[in-house]
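Please see the structure below; I have some questions.
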Amino acid sequence: MKTRVKTRPKTRTAHARRHVTAFALITAVALTATACGSGDGSGDGSGAAPAGAAKGRGAIPTTDVVSKVAKDAAAARLLPADVRERGSLTIASSVGNPPGAAYLPNGRTVAGQDIDFADAAAKVLGLELKREVAAFEVILPALGSGKYDLGTGNFGVTDERRRTIDFVTYINDGQGFAVRADSKLGEVRDLLQLCGLTVATGAGTTFEATLSENRPRCGEAGKKPYEVKTFADTAAVYLSLQQGRSDVVMNTINGLRYAVAQQDGLRFLNEYKRLDVGFALKKGSPLAPALQAAVNRLKQDGTYDRILKKWGTTPSAIEASRISPPEVK
C-alpha cells in the first residue's frame with residue numbers, strides 16, 4: 001500500500017520550509033547552547049534516545065517499522081462499505097516536531113510516531129492513506145465538516161473534545177513542563193507555582209486552554225498572573241525558552257523529553273497530567289471500530305512495540321485501544 005502526501009503545492013512548499021527552518025533552529029540552539037545538561041533524559045526516567053537517532057543529535061529516526069505490516073481480514077470487515085469500495089482514507093496530519101511528526105531534511109517527507117501509527121493501521125485495513133498536512137488548530141473543525149476521514153496531531157482525549165469528536169486511542173501521553181538547566185523552578189504540581197512567570201506553549205492546544213482557564217487563580221491568590229506566550233511552531237517554543245524570553249514550557253510529555261534529549265541547557269521538569277491520545281474522527285464516525293481493531297492488531301503482531309521503541313516512547317504504551325474513553329482525571 002502506498003501512502004501519498006497531498007497538499008496544495010504552493011502552500012505545502014512554504015509550510016515545509018517553515019518547519020524545516022524551525023527544526024534547524026532547534027538543532028542550532030542545541031549546538032550553540034553553553035549551559036550544561038544531561039542530554040539523555042536519564043535524570044527524569046525518560047529512557048534512552050529513540051532508535052535511529054544514534055548517528056547524531058537532531059537526526060530524526062527513519063527505521064522502517066511499517067512496510068511489513070499485513071492486512072488483517074477481520075479488522076477490514078469492520079470498515080464501512082463505502083470505504084472498502086474506494087479503498088482509501090483521507091487523513092489530516094499536524095506536523096511540528098518529533099516524536100509526533102516532523103519533516104525530514106528534504107522538506108517533503110513527514111515522519112513521526114503519529115505517521116507510523118496511521119500508516120500501519122491503514123495497512124492492517126488494506127487501505128491507501130491519502131495524507132494532507134494541516135495546521136493543528138484546523139484539523140478538528142475540518143473533521144466535523146467531512147473534509148477528512150481522520151486526523152493526527154497528538155490529540156489528547158478530553159471530555160470537552162469528546163462532545164464533538166470521537167477518538168481511537170493508540171498511546172498515553174499528556175501534559176508536562178521543561179525549563180532551562182539553570183532554572184530554580186521545582187516540580188509544578190499546581191499552576192499557582194507559575195504565577196509571575198512567562199509560560200511558552202503551542203497555539204490552539206490543550207496546554208493553552210489549561211493555562212488560560214487557570215490564570216485568574218493567581219490574582220485570586222494575590223499573586224501576579226503568569227503570562228502565556230503561544231507559538232504556531234513547536235521549535236519557536238523552545239527557542240523562546242533558550243533565549244530567556246520565557247521561563248518554562250508546557251507541552252506534551254513525549255515532546256518535552258525528546259526535545260530535552262536533543263538540546264543542551266534544558267531539563268525535563270515533571271509530568272503534570274496524563275491523557276490518552278488517539279486518531280481523531282467525526283463524532284459518530286463508523287470508522288472507529290475498524291481503527292480500534294487495527295491498533296489492537298498492531299499490538300498483537302509486535303508492530304506497536306516497534307513503533308514506540310523507534311521513537312523512544314515505550315512508557316506511553318496502552319494495554320488496548322479504546323473508543324473515546326473518559327478523560328484521565
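The values are calculated or read from the model by the stated rules, or taken from the named source; none is laboratory data. This is a predicted model, so every value here is computed, not measured. Positions of Cβ are generated from backbone atoms using ideal geometry, with glycine treated the same way; all protein chains shown enter the neighbour counts.
Evaluate the following for residue 302: is it of a type outside the set (Phe, Trp, Tyr), on the phi > 0 side of the Ramachandran plot and without any contact (Cβ under 8 Å) to a residue 12 or more places away in the chain? Even if it seems obvious, please write down each step before you answer.
Details: of a type outside the set (Phe, Trp, Tyr): yes; on the phi > 0 side of the Ramachandran plot: yes; without any contact (Cβ under 8 Å) to a residue 12 or more places away in the chain: yes.
Spelling it out, residue 302 is indeed of a type outside the set (Phe, Trp, Tyr), on the phi > 0 side of the Ramachandran plot and without any contact (Cβ under 8 Å) to a residue 12 or more places away in the chain.
Right, next: Need a quick list: helices (runs of 4 or more DSSP H) entirely within the range 95-196 having at least 3 residues that are under 25 Å from residue 306 (Cβ atoms).
Working: elements: 113-124, 136-145, 159-162.
Because the criterion is at least 3 residues that are under 25 Å from residue 306 (Cβ atoms), the helices (runs of 4 or more DSSP H) in the range 95-196 that meet it are 113-124.
Turning to a different aspect of this structure: Here are the criteria: (1) surrounded by fewer than 20 Cβ atoms within 10 Å (Cβ to Cβ); (2) outside the structural domain of residue 300 (by TED's automatic domain parsing). Tell me which single one residue 163 does not satisfy.
(2)
Identify, by number, the condition in (1) surrounded by fewer than 18 Cβ atoms within 10 Å (Cβ to Cβ); (2) modelled with pLDDT of 95 or more that residue 176 doesn't meet.
In the conditions (1) surrounded by fewer than 18 Cβ atoms within 10 Å (Cβ to Cβ); (2) modelled with pLDDT of 95 or more, residue 176 misses (1) alone.
Of the numbered conditions (1) assigned to a loop (DSSP other than H, G, I, E, B); (2) within 19 Å of residue 156 (Cβ to Cβ), residue 291 fails exactly one; give the number of that condition.
(1)
Taking the conditions exactly as written (free of Cβ contacts under 8 Å to residues at least 60 places away in the same chain and surrounded by 15 or more Cβ atoms within 10 Å (Cβ to Cβ)), does residue 101 satisfy them or not?
Working: free of Cβ contacts under 8 Å to residues at least 60 places away in the same chain: yes; surrounded by 15 or more Cβ atoms within 10 Å (Cβ to Cβ): yes.
Yes: the conditions hold for residue 101.
Do we have any residue at all in the range 145-157 that's in contact with a Lys or Arg (Cβ under 8 Å, 6 or more places away or on another chain), modelled with pLDDT under 95 and either surrounded by fewer than 18 Cβ atoms within 10 Å (Cβ to Cβ) or of a type in the set (A, V, I, L, M) (or both)?
The answer is yes; a qualifying residue exists.
For the range 215-246, how many residues are buried (at least 18 other Cβ atoms within 10 Å of the Cβ), assigned to a loop (DSSP other than H, G, I, E, B) and free of Cβ contacts under 8 Å to residues at least 60 places away in the same chain?
2
Sort out which residues of the range 116-130 are under 28 Å from residue 231 (Cα atoms) and surrounded by 24 or more Cβ atoms within 10 Å (Cβ to Cβ), and write them in order of number.
116, 117, 118
Scan 161, 215, 189 and give me the residue that is basic (Lys, Arg) and within 30 Å of residue 121 (Cα to Cα). Before you say what the answer is, go through the steps one by one.
Working: 215 fails: within 30 Å of residue 121 (Cα to Cα); 189 fails: within 30 Å of residue 121 (Cα to Cα).
Among 161, 215, 189, only 161 is basic (Lys, Arg) and within 30 Å of residue 121 (Cα to Cα).
Before we move on, is residue 83 buried (at least 21 other Cβ atoms within 10 Å of the Cβ), of a type in the set (Val, Ile, Thr) and touching a residue at least 60 places away in the same chain (Cβ under 8 Å)?
Details: buried (at least 21 other Cβ atoms within 10 Å of the Cβ): no; of a type in the set (Val, Ile, Thr): yes; touching a residue at least 60 places away in the same chain (Cβ under 8 Å): yes.
Taking the combined requirement at face value, the residue does not satisfy it.
Also, I was wondering about something else. Check the range 247-260 and report whether any residue there is among the acidic types (Asp, Glu) and part of a strand (DSSP E or B).
Initially, the range 247-260 is screened for residues among the acidic types (Asp, Glu), giving 247.
Applying the additional criterion that residues be part of a strand (DSSP E or B) yields none.
Looking for residues that are among the acidic types (Asp, Glu) and part of a strand (DSSP E or B), one finds none in the range 247-260, hence no.
For residue 329, only one of the following conditions fails: (1) without any contact (Cβ under 8 Å) to a residue 40 or more places away in the chain; (2) assigned to a helix (DSSP H, G or I). What is its number?
Status for residue 329: all satisfied but (2).
Tell me, yes or no, whether the range 274-286 has at least one residue that is surrounded by 19 or more Cβ atoms within 10 Å (Cβ to Cβ), modelled with pLDDT of 95 or more, farther than 20 Å from residue 125 by Cβ and not aliphatic (A, V, I, L, M).
yes
Would you be able to say whether some residue in the range 136-150 is among the hydrophobic types (A, V, I, L, M, F, W, C) and within 28 Å of residue 243 (Cα to Cα)? Before you say what the answer is, go through the steps one by one.
From the range 136-150, those among the hydrophobic types (A, V, I, L, M, F, W, C) are 136, 138-140, 142-143, 150; that's our starting set.
Of the ones still in play, those that are also within 28 Å of residue 243 (Cα to Cα) are 136.
Yes.
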